[in-house]
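Quick one: structure below, then a few questions.
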Amino acid sequence: MAITEDAPPGVPPPAPARPNGERPDGERPSGGRADREGRSDREGRRLSSPLVLTATLVLVVLAQSPIRGALGTPLMQSWTTVFVAVTVQALPFLVLGVLLSAAIAVFVPPSFFARALPRRPALAVPVAGVAGAVLPGCECASVPVAGALVRRGVTPAAALAFLLSAPAINPIVLTATAVAFPRHPEMVLARFLASLLVACAMGWLWQRLGRTDWLRLPAHGAHEGATKGETFWNSVRHDIMHAGGFLVVGAMAAATLKAVAPAAWLRTAADNPLLSVLALAVLAVLLSICSEADAFVAASLTQFSPTAKLVFLVVGPMIDLKLFAMQAGTFGRAFALRFAPATFALAVTGAVLTGAVLL
């Protein structure tokens, strides 16, 4: 028989030993040496950004001879020339557009638009569409602004007309289009008229056929509660990173198409009117270029007809991959799945009809 000693009065008996260091209540102790060593090992195995950058620079230095040889080929020189030209030409307009759109989104209250629009939806749609011509902003900013308008009581048809027209016909975009097409002022007029026509047509179509259960009421903005200065610079940083990234991707795609795609393929697509229109319409959706920069990409596609380029300029600011995601996140998936295909079809049709008359 084991002999045990009684504990002194007022002192609880020691807890029996538990396997694996468990406590009597079943919990494991935290902060022990084993836990600290495990966390240290896991942190040591993580790749940090400086480590990745250093490894990349070391690889570039070691492979500088093959890289120099690849960049010296005529193919890469052509690619680099087109990429740098498109990026350098478009970047000032992109930055100016982001600054102005952030200022409007932050310092102009949404209630101003609600008071300025007519009460009748049929009249509010064209007024909202024309308002997009005097309010600079890219499509990245137009979706949140349209959501704020709906939240403040503006009829959805007018808010959607503004959503489509603002990034397509504002002064920054039209000026960039004039710079990209210096010898073709009719391209600026065609872009303005086709985009405004499509924006108003989509607003009236929603007023006629749209249902309230397809449209989810937008939530409040992510920056509410912050000061106006903080919201402004947060919006600028966000739009610069997103729009600048899409600009680089678009410039890379245009340069690749120019330098790598066989000339016979481009001639085949460009010589067929229907195929050229569909090809550039789909390309506008896939590239998702900011509207302040897409004119320079369109101007670089010299094989295609002016009407096909106009389709590219009208479709891109109204519906692309990033816009579909933003519309689904703001107004709901049921809305985006119906609104995006209708916008694409009307944008292609409106651009082709306008191009046939003006170009």
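The values are calculated or read from the model by the stated rules, or taken from the named source; none is laboratory data. Model, not experiment: these values are computed from the prediction. In this analysis, Cβ positions are derived from the backbone assuming ideal geometry, glycine residues included, and neighbour counts consider all displayed protein chains. Areas reflect the complete protein model, heavy atoms only, side chains present, ligands, DNA and RNA absent. Shrake-Rupley method; radii C 1.70, N 1.55, O 1.52, S 1.80 Å.
Which residue is modelled with the lowest pLDDT, if the candidates are limited to region 285-311 and must be touching an Asp or Glu at 6+ places or on another chain (Cβ under 9 Å) and β-branched (V, I, T)?
I289
Please go through region 296-355 and give me each residue that is under 16 Å from L275 (Cβ atoms) and of a type in the set (F, W, Y), ordered by number.
Once the filter is applied, which keeps residues that are under 16 Å from L275 (Cβ atoms) and of a type in the set (F, W, Y), region 296-355 yields F304, F312.
Hey, can you tell me all the residues within region 190-234 that are open to solvent by 90 Å² or more (accessible area, probe 1.4 Å), of a type outside the set (D, E, K, R) and either under 23 Å from the mean Cα position of the chain (by Cα) or at pLDDT 85 or above (or both)?
L197, W204, L209, L217, H220, A222, W233 - these are the residues of region 190-234 that are open to solvent by 90 Å² or more (accessible area, probe 1.4 Å), of a type outside the set (D, E, K, R) and either under 23 Å from the mean Cα position of the chain (by Cα) or at pLDDT 85 or above (or both).
Just to be sure, is T177 at pLDDT 85 or above, among the hydroxyl-bearing types (S, T, Y) and under 21 Å from the mean Cα position of the chain (by Cα)?
Yes, satisfied.
Right, something else. Does L286 satisfy the condition of being touching a residue at least 24 places away in the same chain (Cβ under 8 Å), surrounded by 24 or more Cβ atoms within 10 Å (Cβ to Cβ) and part of a helix (DSSP H, G or I)? Quick ask: steps written out before the conclusion?
Values: touching a residue at least 24 places away in the same chain (Cβ under 8 Å): yes; surrounded by 24 or more Cβ atoms within 10 Å (Cβ to Cβ): no; part of a helix (DSSP H, G or I): yes.
In short, no.
Further question on the same structure: Considering region 155-187 alone, what residues qualify as being open to solvent by less than 30 Å² (accessible area, probe 1.4 Å) and over 14 Å from V130 (Cα atoms)? Can you show your working first?
Filtering region 155-187 for residues open to solvent by less than 30 Å² (accessible area, probe 1.4 Å) gives 157-170, 172-173, 176-177, 180-181, 187.
I172, V173, A176, T177, A180, F181, M187, listed by residue number.
To keep it simple, each residue is scored yes or no on (1) within 16 Å of the chain's Cα centre (by Cα); (2) not acidic (D, E).
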| position | (1), (2) |
| --- | --- |
| P262 | no, yes |
| L274 | no, yes |
| E292 | yes, no |
| Q303 | no, yes |
| M318 | yes, yes |
| L321 | yes, yes |
| A325 | yes, yes |
| F339 | no, yes |
| V352 | no, yes |
